[in-house]
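Please read the structure below before turning to the comments.
The values are calculated or read from the model by the stated rules, or taken from the named source; none is laboratory data. Only a predicted model underlies this, so the values are computations on that prediction, with no experimental measurement involved. For neighbour counting, all protein chains shown are included, and Cβ atoms are generated from backbone atoms with ideal geometry for every residue, glycine included. Areas reflect the complete protein model, heavy atoms only, side chains present, ligands, DNA and RNA absent. Shrake-Rupley method; radii C 1.70, N 1.55, O 1.52, S 1.80 Å.
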Amino acid sequence: SDVYKRQAFFLEKVELDEDSDDGFEYDEVAVDSGDDELEELEEEMDEDLESALESIKQKIKPGHGTQDPADRKVMPVVAKRAEVLDDFMRNFMIKMKLNKTLETFQAEWYELTQKGILTEEDVGVVPDIYLRNQQMDDNVKYLRDELEKARKIAEHAESMFDNLRKERDFHRMHHKRVVQEKNKLIKDLRRLRDHYKHFEPALAETKDKYDRLLREKSMLKLDRDKLQSKVLGLEVTVQGLQSRDKDAKTSKVATRKKKLTIGPVNTVLPPDSRPNPNLTRNDPATDCGQWQPSKTFEGHQMSVTCVRLHPKKPIVATVSDDRSWMLWALPNGELILKGEGHSDWISSCDMNPHGTQLCTGSGDSTVKLWDFARTQCAATFTDHTQAVWSTAFHDSGDFVVSGSMDHTAKMWDLGSMQCRCTFRGHVDSVNSVGFQPFSNNVCTASGDKTVSIWDARTGLCVQTFYGHTNASNSVQFSPKGDMLLSSDADGVVKVWDVRMVSERLHYAGTNSAVNAAVFDPSGKVMAVGSDDGNIRLHNIETDKPVGELKGHADSVLDLVFDPDSGFLMSASADSTFRMWS
């Protein structure tokens, strides 16, 4: 018929086991067939399988039977056949691997079919709604997966947005802080510029005064030379008048020639066998844990770099970056004497043990000796080629040692007013120097991270201590001379045993650079001054902190204990020096 010419069918072959109880005859169900096709199928229900197969082949294969040759060119259309209900159940159980349930289902299904209990209406095809529900269920699962992925992406985007917002807020705060710091620096620069303009007239006046004094000095030198020539002439006249005594005259002339040929004489170093009186002393440790600032002195215009006490009187000497040194009376702080003469900042000073002189080291590469009685500069030593960082007197008062940025330390003889010895060996700036009490040994601390001991008689290095990891800023012998105290720019302070040549104590009480570390008169407590403006007191014997002194607004640059342990003096970059007691 025309219907069979336009439609294509497919045959499903089912193989049955010999043990199967299936006694039914299976009929082919045509897809999308009309009423004529259903009637034809009912008529063919009595045919056997072979006749049905032959009939179908004639219907779907072109060129057989009475088929019109013109219809052979028509392409067959494959339509999807609706799945039978029992096949749907079987396929589902096979898919889910329900083998036992499948056997039970087949047995009951065939039994009810043979008995006629199941009708054609009961065993029809699976409605399309189930297939659509399955497709919709698959779509729902797919959409749920996509929704979960989108949710994760949204969470990730939200976290990235939060991080970006935090970074934005951080950079905004950093920008505001930088702007505030910039405005502060601009304000400070303007203030300094105004301050400098205020001092320009004073500087010009000081320069004129200096030039005038130089001219006066030159005139004084000329007058002195004239007077000396007159004195020599008078001496010759006196010698001529005393020609009667020929022997006396000859003796005087010989003595005069001797004086003229010998010149300046070097001072002899004291013997090493001198006893140290501090060895027999056993002073208790200074009780300084509760000390407070008792007096603050202001007078210098710039940082106070060094402070020293008079050995016999209640007087303190200070030097500053403003190129001046001052003597103050204690405890009220009246200014006694002020000296100027260096052309650059003054870094250090020390008192003569006799209390009559002061030595200073400066950035102008010179060491000056000041006489209190004559209130003038007694000598200027210019052998250093770079800035002088530290100076110290020998206990005899006849020698001064100085450390310089030119990597050397020099010992000056105050008798001959010449450099007696140069200590060479450091490979960086010599930042601090000192004499061992009642001996001829010199200690130095250098920017090359070492501390050395030198023999002043030979100029050779006796011992070098290694252990600092940064530039060593200060060094000092204990009163008994058996220990050495050194500090560095990392905030570390070390106590060395001189006799055992070993490290006795390692103290790291601050992260700021330590500029000064000193012993108390007993040698049992040390005071440490650092860049954070605080002074820390530490007991060396017990290795425990004693206290902390706070009050300076800037770095603590120098410290010195009173010999009677009555107070401590400190110098600071805040242009003040303080008394603690």
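Which numbered condition trips up residue 303, out of (1) over 25 Å from residue 479 (Cα atoms); (2) open to solvent by 40 Å² or more (accessible area, probe 1.4 Å); (3) of a type in the set (S, T, N, Q)?
It is condition (2) that residue 303 fails.
Given the conditions (1) within 25 Å of the chain's Cα centre (by Cα); (2) within 23 Å of residue 314 (Cα to Cα); (3) basic (Lys, Arg), and given that residue 494 satisfies all but one, which numbered condition is not satisfied?
The one condition residue 494 does not meet is (2).
Please work out which residue is modelled with the lowest pLDDT, limiting yourself to the range 356-377 and to residues that are assigned to a strand (DSSP E or B) and within 17 Å of residue 213 (Cβ to Cβ).
376
Within the range 278-333, considering only strands (runs of 3 or more DSSP E) that don't extend past its boundaries, which have at least 3 residues that are farther than 24 Å from residue 524 by Cα?
On the way: elements: 293-298, 304-309, 315-320, 324-329.
Correct list: 293-298, 315-320, 324-329.
I'd like the residue in the range 406-422 that is hydrophobic (A, V, I, L, M, F, W, C) and either open to solvent by less than 10 Å² (accessible area, probe 1.4 Å) or at pLDDT 95 or above (or both) and, out of all such residues, is nearest to the chain's Cα centre (by Cα). Lay out the reasoning, then the answer.
Taking the range 406-422 as the starting set, the residues that turn out to be hydrophobic (A, V, I, L, M, F, W, C) are 409, 411-412, 414, 417, 419, 421.
Among the residues that remain, those that are also either open to solvent by less than 10 Å² (accessible area, probe 1.4 Å) or at pLDDT 95 or above (or both) are: 409, 411-412.
Working: 409: 32, 411: 39, 412: 41 Å.
Among residues in the range 406-422 that are hydrophobic (A, V, I, L, M, F, W, C) and either open to solvent by less than 10 Å² (accessible area, probe 1.4 Å) or at pLDDT 95 or above (or both), the one nearest to the chain's Cα centre (by Cα) is 409.
If you go through the range 495-511 one residue at a time, do you hit one that is open to solvent by 20 Å² or more (accessible area, probe 1.4 Å), among the β-branched types (Val, Ile, Thr) and not in a strand (DSSP E or B)? If you could, list the steps in order and put the result at the bottom.
Going residue by residue through the range 495-511, those that are open to solvent by 20 Å² or more (accessible area, probe 1.4 Å) are 497-504, 506-509, 511.
Keeping just the survivors that are among the β-branched types (Val, Ile, Thr) gives 498, 501.
If we keep only those that are not in a strand (DSSP E or B) too, we end up with 498, 501.
Yes, some residue in the range 495-511 is open to solvent by 20 Å² or more (accessible area, probe 1.4 Å), among the β-branched types (Val, Ile, Thr) and not in a strand (DSSP E or B).
Given the conditions (1) under 19 Å from residue 454 (Cβ atoms); (2) part of a strand (DSSP E or B), and given that residue 487 satisfies all but one, which numbered condition is not satisfied?
(1)
Looking at residue 371 and the list (1) farther than 30 Å from residue 272 by Cβ; (2) without any contact (Cβ under 8 Å) to a residue 24 or more places away in the chain, which single condition is not satisfied?
(1)
Do we find a residue being open to solvent by 70 Å² or more (accessible area, probe 1.4 Å) and of a type in the set (Asp, Glu) anywhere in the range 272-289?
Taking every residue of the range 272-289 in turn, at least one turns out to be open to solvent by 70 Å² or more (accessible area, probe 1.4 Å) and of a type in the set (Asp, Glu).
Cβ-Cβ below 7 Å, separation at least six or inter-chain, first residue in the range 117-135 and β-branched (Val, Ile, Thr), second modelled with pLDDT of 75 or more: which pairs?
123/85; 123/86; 125/85; 126/85; 126/88
Would you confirm, using the coordinates I've provided, whether residue 522 is touching a residue at least 60 places away in the same chain (Cβ under 8 Å), over 14 Å from residue 306 (Cα atoms) and in a loop (DSSP other than H, G, I, E, B)?
Values: touching a residue at least 60 places away in the same chain (Cβ under 8 Å): yes; over 14 Å from residue 306 (Cα atoms): yes; in a loop (DSSP other than H, G, I, E, B): yes.
So residue 522 fits the description; yes.
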